[in-house]
Amino acid sequence: MKAIVVTDEAAGTSGMTLAERRAPEPAINDVVVEVRAAGWVPTELEWPSTWVDRAHRDRTPSIPGHDVAGVVTSLGYGTTGFSVGQRVFGLADWHRDGTLADYVAMESRNLAPLPDDVDFTAAASLPISGLTAWQGLFVHGLLQPGQSVLAHGAAGAVGTMVTQLAAESGAHVIGTGRAADREKALDFGAHEFVDLDNDALEDVGEVDLVFDVIGGDIQRRSAALITPGGALVSVVGPVEAELVDVRAVDFVVEADRPQLMGIAERVSDGRLRTNIGTTASFEDAIATFNSRERLKGKTIITVRP
Ligand SMILES: NC(=O)c1ccc[n+]([C@@H]2O[C@H](COP(=O)([O-])OP(=O)(O)OC[C@H]3O[C@@H](n4cnc5c(N)ncnc54)[C@H](OP(=O)(O)O)[C@@H]3O)[C@@H](O)[C@H]2O)c1
């Protein structure tokens, strides 16, 4: 099969090659998916899991990519719940060969059925960003209707999902970002917008939940705005801000089938819009990742049109 392969951590995306690899065999409880579309997160070549397995052994050459939408081609020993030919989408294991390939083997629990009216490109944009938003807001942030959310990076891949899911749940959403992000953040449902370069973050007043995708000084300043009993949820590493009577959670997104189904259902019925900035063919993928232009929104590679 064809796959995008990385071997050199220091080289970043410029070290990627499109290579021939042996197609994966399904292990116990695995599903092999013929990849139709794969999502890309620009930071993933910085994650240790791209380079080592769970025992910290070098696993290069590795295949990046974790968002997937495609069709089941085979099942491992003991796998239940899926059938060959079924449309699926999901989140591949961080420490295994990923989805920038013709085929990926992944545990069936990391997949969900894909409704017929959600296309593969849309579906591949959802697992990481949608699940991150869902888990940060409802599982870790324990968001309640009527509460307020400070959604950092509200025009980004995660931020647009945070904004939409929080607003749908009845929260008041204050999106943040750069000046140029204002219109997009409001269009995705933010009730207010703070331009972090020009507006005073402190003018926001008290909020119940800060969803942080930026960290550093923005996180420290945001922490001071959280109402007692509120929460600071970070997806960019351990919380460094000083907190009094505020719950802090930093987490890495996990696959969850009911949540994936909830996300797909919302795309089907129009409650949730995707935020796809760039789509490229498999052949153009490496050039796209290496483009000097800042990729906005989710980048999707159409592995098999
Ligand atoms: N822990 C987890 O499970 C998990 C899951 C998903 C993502 N993440 C991490 O979360 C972060 C965001 O991911 P993403 O996919 O949403 O990225 P993204 O699409 O690039 O969105 C980030 C947004 O925040 C904005 N932003 C960043 N720094 C800013 C600053 N100082 N001031 C104003 N705006 C700023 C960006 O604007 P510009 O594009 O103009 O910089 C962009 O609009 C990444 O670091 C990613 O690795 C973690």
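The values are calculated or read from the model by the stated rules, or taken from the named source; none is laboratory data. In this text, all values refer to a predicted model and were calculated from it rather than measured experimentally. Here the Cβ is made from the backbone with ideal geometry for all residues, glycine too, and neighbour counts use every protein chain on show. SASA here: full protein model, heavy atoms, side chains in, ligands and nucleic acids out. Shrake-Rupley method; radii C 1.70, N 1.55, O 1.52, S 1.80 Å.
With every protein chain present, what is the per residue accessible area of the stretch 129-250 (1.4 Å probe, Å²)?
Details: 4950 Å² over 122 residues.
About 41 Å² of surface per residue is accessible.
Can you tell me the order of 132-142, 288-298 when each peptide is scored by its average per-residue count of other Cβ atoms within 10 angstrom, highest first?
Working: 132-142: 21.8, 288-298: 14.4.
Highest mean packing first, the order is 132-142, 288-298.
State, as an integer percentage, the relative contact order of the stretch 129-250 based on alpha-carbon contacts under 8 Å between residues 6 or more apart. Present the calculation step by step, with values, prior to reporting the outcome.
On the way: 269 pairs, mean separation 27.2, N = 122.
It rounds to 22 percent for the stretch 129-250.
May I ask you to derive the relative contact order of the chain, considering only C-alpha pairs under 8 Å and at least 6 residues apart, and to give it as an integer percent?
18
Using amide H atoms built 1.01 Å from N in the peptide plane, name the residues 5+ places from V52, or on other chains, whose amide H lies under 5 Å from its own.
R59
Per residue Cα convex hull volume for the chain, in cubic angstrom? Spell out each step's value before the answer.
Values: hull volume 40.6 nm³, N = 305.
Once divided by residue count, the hull of the chain is 133 Å³.
Please give the contour-minus-distance gain from R220 to V252: 0.36 nm per residue of separation, less the Cα-Cα distance, rounded to one decimal in nm.
9.5 nm
Rounded to the nearest 5, what % of DSSP beta bridges with both residues in the chain are antiparallel?
55
Run the accessible area of the stretch 129-250 with a 1.4 Å probe and give the carbon-and-sulfur part as a rounded percent.
Carbon with sulfur: 48 percent of the solvent-accessible area.
Taking each pair of different alpha-carbon atoms in the stretch 129-250 once, compute 1/r for the pair, average those values, and report the inverse of that mean as the Kirkwood hydrodynamic radius in Å to one decimal.
Working: mean 1/r = 0.0737 Å⁻¹.
About 13.6 Å, per the Kirkwood formula over Cα pairs.
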